Amino acid sequence: MRRQYFPILVAVWALLFWTVAVSKVEADVDVHAIAQKVDEHYNRLRSLQVDFTEVYRGAGMARTESGTLWLKKPGKMRWEYRSPREKLFISDGKDAWFYVPEDRQARRTPVKQLDDLRSPLAFLLGKTKLEKELEGLSLAPDMAPAQAGNVVLRGVPKAMKDRVSQVVLEVTDSGLLARILIEEAEGTTTEYRFLNARENAPAADQIFRFVPPAGVEVLAGELTP
């Protein structure tokens, strides 16, 4: 009979050990301090250029794309996709455009009407306040960081909580966002990984403006890259 209980005892001790270990990690990590470090890091920047990889999973499919992202105060962004095909998602703070050269079409939407998972990133520079933007910001001990030494946090975005169930942030020791994972209510996920950040890199205002090339059809409506 004692042998029958042995596996149960092992499982109980393992669970207790895990609970104590997680509690110790949470005690050693000050989420408020980490959020403040992220705020301070981005709020002091005027512009940011970074390479990104975007991974979408949902509806029985997976899609990986990559390119370069530019951000500039106030509220300007340029997502330049290069692989597997060229696309452009751009905003000057007033209007947002999505353009695929091979389709010969461009879509335009006022930023105020924009409902896009990338749009909140435009406001990282200058007005970042993670603890106000994300409800229940806390440590995510069940999410392994992509790089040792990074800390992973999770929270629910106030502005998109009807659509997004949680946002996971991987933060470096310097307060830089290395990864953002967005989980939507229906179960789809979009993950952004960032590398080779170039802070305060020159970024002329004209790269955040879009002029449709000749022969390109301009449509109004939702931007869905």
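Cβ-Cβ under 9 Å, sequence separation 6+ or interchain: first residue in region 24-45 and closer than 17 Å to Asp142 by Cβ and assigned to a helix (DSSP H, G or I), partner at pLDDT 90 or above and among the hydroxyl-bearing types (Ser, Thr, Tyr). Which pairs?
So the pair list comes out as Glu26/Ser138; Val31/Ser138.
Residues that are free of Cβ contacts under 8 Å to residues at least 60 places away in the same chain, in a loop (DSSP other than H, G, I, E, B) and over 20 Å from the mean Cα position of the chain (by Cα): does region 177-193 have at least one? First the steps, then the outcome.
First, the residues of region 177-193 that are free of Cβ contacts under 8 Å to residues at least 60 places away in the same chain: 178-181, 183, 185.
Within this subset, residues satisfying the condition of being in a loop (DSSP other than H, G, I, E, B) are 185.
If we keep only those that are over 20 Å from the mean Cα position of the chain (by Cα) too, we end up with none.
No, every residue in region 177-193 fails to be free of Cβ contacts under 8 Å to residues at least 60 places away in the same chain, in a loop (DSSP other than H, G, I, E, B) and over 20 Å from the mean Cα position of the chain (by Cα).
Does region 194-206 hold any residues that are surrounded by 14 or more Cβ atoms within 10 Å (Cβ to Cβ) and outside any strand (DSSP E or B), and which are they?
Step one: filter region 194-206 for residues surrounded by 14 or more Cβ atoms within 10 Å (Cβ to Cβ), giving 194, 197-199, 201, 203.
Listed by number, the residues that qualify are Ala201, Ala203.
Say whether the condition of being outside any strand (DSSP E or B), among the acidic types (Asp, Glu), at pLDDT 95 or above and touching an Asp or Glu at 6+ places or on another chain (Cβ under 9 Å) is met by at least one residue in region 75-89. Quick ask: steps written out before the conclusion?
Applying the first criterion (outside any strand (DSSP E or B)) to region 75-89 yields 75, 84-86.
Right, trim to among the acidic types (Asp, Glu) and you get 86.
Narrowing further to those that are at pLDDT 95 or above: 86.
From the residues that got through so far, the ones that are touching an Asp or Glu at 6+ places or on another chain (Cβ under 9 Å) too are 86.
So far as region 75-89 goes, yes, one or more of its residues are outside any strand (DSSP E or B), among the acidic types (Asp, Glu), at pLDDT 95 or above and touching an Asp or Glu at 6+ places or on another chain (Cβ under 9 Å).
Considering every residue within region 100-113, establish whether at least one is on the phi > 0 side of the Ramachandran plot and not acidic (Asp, Glu). Walk me through how you get there before you give the answer.
To start, the set of residues in region 100-113 that are on the phi > 0 side of the Ramachandran plot comprises 104.
Cutting the leftovers down to not acidic (Asp, Glu) gives us 104.
Yes, some residue in region 100-113 is on the phi > 0 side of the Ramachandran plot and not acidic (Asp, Glu).
Going residue by residue through region 39-52, is there one that turns out to be surrounded by 15 or more Cβ atoms within 10 Å (Cβ to Cβ) and farther than 26 Å from Asp173 by Cβ?
Scanning region 39-52, I find no residue that is surrounded by 15 or more Cβ atoms within 10 Å (Cβ to Cβ) and farther than 26 Å from Asp173 by Cβ, so the answer is no.
Of everything in region 85-109 that's farther than 21 Å from Leu121 by Cα and basic (Lys, Arg), which residue is nearest to the chain's Cα centre (by Cα)?
If we take residues in region 85-109 being farther than 21 Å from Leu121 by Cα and basic (Lys, Arg), then Arg85 is nearest to the chain's Cα centre (by Cα).
The values are calculated or read from the model by the stated rules, or taken from the named source; none is laboratory data. Computed from a predicted model, the values in this text were never measured in an experiment. Methodologically, a virtual Cβ is constructed for each residue, glycine included, from the backbone with ideal geometry; neighbour enumeration extends over all protein chains shown.
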